[in-house]
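**Q** Following this message is one structure expressed as structure tokens.
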Amino acid sequence: MPVTIENLHLGLDEDLQEKLTLMVGEVADHRVLKQSVDARRGRAPQFILSVEVAKKGEVLPPHRHIVTPLTPQNREFEKPIVIGTGPAGLFCALRLAERGLPCTILERGSAAEKRIMGINRFWRYGELNPDNNVCIGEGGAGLYSDGKLITRIKSPHIPYVLNRMVKYGAPGEIEYLANPHVGSDKIRRIIPRLRQHLLELGCEIHFNTAFSELLTSDSQVRGVRTRCGREFFSSRVIVATGHSAEDVLQHFANVGVKMEGKSFAMGLRIEHPQALINSIQYREWADHPKLKAANYKLTHHDHQTGVGVYSFCMCPGGFVLSSGTEADGLVVNGMSNYHRNSPFANSAIVVTMDHDKLFGSNLFGGLQMRRELEQRAYQAVKMAGGTKQLPTQRLTDFIEGRASRTLLATSSPSGILPARLDQLLPQNLLTPLREGLLNFPRKMKGFLTEDAQLYGVESRTSCPVRVTRHEVTLQSLSHPGLYPAGEGAGYAGGITSAACDGVQIAERIFQEHL
């Protein structure tokens, strides 16, 4: 009978097959279930694995998470409407279709292949398309933010999501790596294959079709109206419009959908040479061929104020991107391709923003603060003579409170201009950011260096509003038939968690049909 070996330590120059043979005898087959890198100081980096092993004469059991398409007992059903083709919307539609419930899918932007053309024009010429940009369009914001699948949630749907990613072209290693990563180059190929499968399963997909209005009768959902006036009818509407769909939240407020303010985080993005990060993390083993571009995770908590500062969306071997959705605002984000071979490493450094303490009963206080900060970033670039560049300040200058006379080389395709980020940020962001940046070198010696610079502003880590829903039915507390989903509704914080949230809603709807 196959056995599972937990907590297996494998040195950089050790061979896994040889080590397994020494441990259990002749090995017929093996499967890595988990793998991480332990690069703590005091010893050489090593891999920590969980491995399923079949000895001679044995066969490994099936591993992949499979859902067999089922036809609901009640064959008469309305097609659910899914609004948004980010991870939450796509995986909700996929799970429903695999369960025998194909959907009508509405997307404000274009298909992924066309979306990139508009994004390139924005990066090159500063021409923003509000319906096709880094945050909006098929694939959602995650399509151009690295394809990281790391998540802190504990969901039974994670294996399903990763398995389907592999099915549509993601590398198989995402099913066992501690920090699974697809890469923005690969995820752009995965989404069209997922879309084609949805069509084959009977889904309708309408691109360039923006949601405008929720159609209701005594608060019961009946369907939706689009920006161009077309109406789609269903008693089940899944809204998965992402963290940047402020117009959707405003409409919900206007029609009385129950919502609440949610804490979030904002700050700046930092960029170092990747070789420096490798050296800090891996020391004399930094150039070992088995070690990929190093990442990091940093936190600092002020126990007196309760404010936390932490790294977020760390992109080894990546690029810093301009990711705004309005013509008069600038947003920064990061991404990397699968091979992570850019000479730069970047990460958001953000400050926790407690909604109740900062905004009280002002539902849209967080959105307003986010908008004002993005506009200030744009104005800083405009005053420096730019249009599309990112406002940038060298790390040491930010700490010391002085202008940067020169900037470092950058990975940003939009270009950069010097700006006083230390003057742009409000005090409740500036003070904790400086404190965190001064504290981080205690955990990563060399992090605070003249070879790093900061970009503004990192303001779209999550949505500052939650569309409240019932814990069991997952429907809106005020509008039955409305299913708030993913990041934009306040129930996820990344690709994997958003996809799992969509799957969870699909399973609930499927159970209602049995």
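**Q** In whole Hz and in residue order, list the ³J(HN,Hα) couplings for region 226-235 that follow from phi through the Karplus curve 6.51 cos²θ - 1.76 cosθ + 1.60, θ = phi - 60°; x for Gly and Pro.
**A** So the Karplus estimates, Gly and Pro as x, are 9, 4, 8, x, 6, 10, 10, 10, 5, 8 Hz.
**Q** If you don't mind, there's one more thing I want to ask. Over the residues of region 148-287, compute the C-alpha Rg and express it relative to 2.2 N^0.38 Å.
**A** 1.45
**Q** While we're on this one: Hey, of [x] 155; [y] 202; [z] 165, which did the structure itself give for volume of the Cα convex hull per residue in Å³ when calculated?
**A** For volume of the Cα convex hull per residue in Å³, the calculated option is [x].
**Q** A follow-up question, please. Have a look at the DSSP beta bridges in the chain and tell me what percent are antiparallel, nearest 5.
**A** 80 percent
**Q** Most exposed first by the Cβ proxy, i.e. fewest other Cβ within 10 Å, how do Ile83, Ile416 rank?
**A** Ile416, Ile83
**Q** Could you run the Karplus curve 6.51 cos²θ - 1.76 cosθ + 1.60 with θ = phi - 60° over region 93-104 and give me ³J(HN,Hα) per residue in whole Hz, x for Gly and Pro?
**A** Along region 93-104, the couplings run 5, 5, 5, 4, 5, 5, 8, x, 10, x, 10, 9 Hz.
**Q** Modelled label-to-label distance, His288 and Lys154, 7 Å Cα→beta-carbon offset: nm?
**A** Label at His288, label at Lys154, 3.1 nm between them.
**Q** With θ taken as phi - 60° and the coefficients 6.51, -1.76 and 1.60, list the Karplus ³J(HN,Hα) couplings across region 242-257 in order, rounded to whole Hz; mark glycine and proline as x.
**A** Coupling constants for region 242-257: x, 6, 10, 8, 5, 5, 5, 5, 5, 4, 4, 4, 5, 9, x, 5 Hz.
**Q** Explain nothing, just the number: relative contact order of region 206-307, from Cα pairs under 8 Å at least 6 residues apart, as a whole percent.
**A** Once divided by the residue count of region 206-307, the mean separation gives 13 percent.
**Q** Something else: With +1 on the Cβ of every Lys and Arg and -1 on the Cβ of every Asp and Glu, and nothing else charged, how large is the dipole of the chain about its Cα centre, in debye rounded to the nearest 20?
**A** Magnitude of the dipole: close to 340 debye.
**Q** Same structure, new question: Which cross-chain or sequence-distant (5 or more) residues have an amide H under 5 Å from the amide H of Val465, H modelled 1.01 Å from N in plane?
**A** The answer is Lys262.
**Q** Report the relative contact order of the chain, percent, no decimals, based on alpha-carbon pairs under 8 angstrom and at least 6 residues apart.
**A** Relative CO of the chain lands at 18 percent.
**Q** Oh, and also: Please give the contour-minus-distance gain from Lys56 to Asn428: 0.36 nm per residue of separation, less the Cα-Cα distance, rounded to one decimal in nm.
**A** Fully extending the segment from Lys56 to Asn428 adds 127.7 nm.
**Q** Separate question: Provide Ile495, Ile150 in ascending order of the number of other Cβ atoms located within 10 Å of each residue's Cβ, fewest first.
**A** Ile150, Ile495
**Q** Distance cut-off 19 Å, Cα to Cα: go down the list Lys262/Lys443; Lys19/Lys55; Lys79/Lys186; Lys297/Lys443; Lys148/Lys292 and report the pairs above it.
**A** Lys262/Lys443; Lys79/Lys186
**Q** Could you give the length gained by full extension between Asp302 and Val255, i.e. 0.36 nm per residue of separation minus their alpha carbon distance, to one decimal place?
**A** Working it through step by step, the gained length comes to 12.9 nm.
**Q** Given the peptides 186-194, 87-95, 7-15, arrange them by the average over their residues of other C-beta atoms within 10 Å, most packed first.
**A** 87-95, 186-194, 7-15
**Q** Follow-up. Using the number of other C-beta atoms within 10 angstrom as an exposure proxy, rank Arg236, Arg124 with the fewest first.
**A** Arg124, Arg236
No lab work stands behind these numbers, since they all come straight from the coordinates. Worth saying up front: this structure is predicted, and the values here are computed from it rather than measured. Every residue, glycine among them, receives a Cβ derived from its backbone with ideal geometry; neighbour counts consider all protein chains shown.
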